[in-house]
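Any read-out appearing in this document is the output of simple, stated calculations on the displayed coordinates, not a laboratory observation. Everything numeric here is computed off the predicted structure, so don't read it as measured data. Positions of Cβ are generated from backbone atoms using ideal geometry, with glycine treated the same way; all protein chains shown enter the neighbour counts.
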Amino acid sequence: MKSPWVPIFYHKEEGKNYFYNLNEKRVVEGNYSTQGTFLTLLSGMVGVILYALFGSVIIKMSINHLVFLSIILGIAISIFLVIIIDYFSKKSVFGEGAPVEKISLYFAEGEKQFKKNMRLSFYTLLLAIGSTLVLYISDGEAILFFATALFWMLPIPLFVLQRPFKRKKMYALYKKNQLPIENGEL
């Protein structure tokens, strides 16, 4: 990813995400809209429609090819999503700096969230593997094909969008007071 924005902390109560800009060396805040609720409802509706349409359909393809195609489809879509998100995040501009007195709190809480999100990425990978096994022992049901593709779409964006290597290094530098922050003290 080429975006200069590295997530630090998501403040649920404020609905704000705090980022560290690698180029400008400052901590800024970003707001989220309520589109997430709409997207959740839309994805649930699409899931119900897919189940109604393909719930009892059996795909006439060898199970090995079906499993492989499902995994490749899920991974390809997730890589496409990461590329699109990175493209738009490079163009994002956050103007308002984070309050200096709260930056240490954001780094401390952000590190806890980061560890939780990494565990979640691992669990979604296990879920994808489990779904693949269920698809493999099934009769090639279409709904399991789509579910497996969906489960393979989850771990890659969850992992990659966390920017784990840069983020972990950034937290370590902050603990050692070696991370330059130009909108406040070190």
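Distance between the pseudo-spin-label points of Ile63 and Lys2 (7 Å out from Cα toward the beta carbon): 4.4 nm. At an R0 of 25 angstrom, the distance between the Cβ atoms of Lys169 and Lys115 translates into a FRET efficiency of 0.95.
Amide H contacts of Lys16: His11, each under 5 Å away and 5 or more positions distant or on a separate chain (H built 1.01 Å from N in the peptide plane; Pro and chain starts excluded). Exposure proxy ranking for His65, His11, based on other Cβ atoms within 10 angstrom of each Cβ and starting from the fewest, stands as His65, His11.
As a rough guide to protection, the peptides 16-26, 120-130 ranked by mean Cβ packing within 10 Å, highest first, stand as 16-26, 120-130. Karplus-derived 3J(HN,Hα) values for region 153-167, using 6.51 cos²θ - 1.76 cosθ + 1.60 with θ = phi - 60°, are 6, 6, x, 5, x, 4, 7, 5, 6, 6, 6, x, 6, 5, 5 Hz; glycine and proline are entered as x. Computed from backbone phi, the HN-Hα couplings of region 122-139 come to 5, 5, 5, 5, 4, 5, 5, 5, x, 5, 5, 5, 5, 4, 5, 8, 7, 8 Hz, rounded to whole numbers (Karplus: 6.51 cos²θ - 1.76 cosθ + 1.60, θ = phi - 60°; Gly and Pro given as x).
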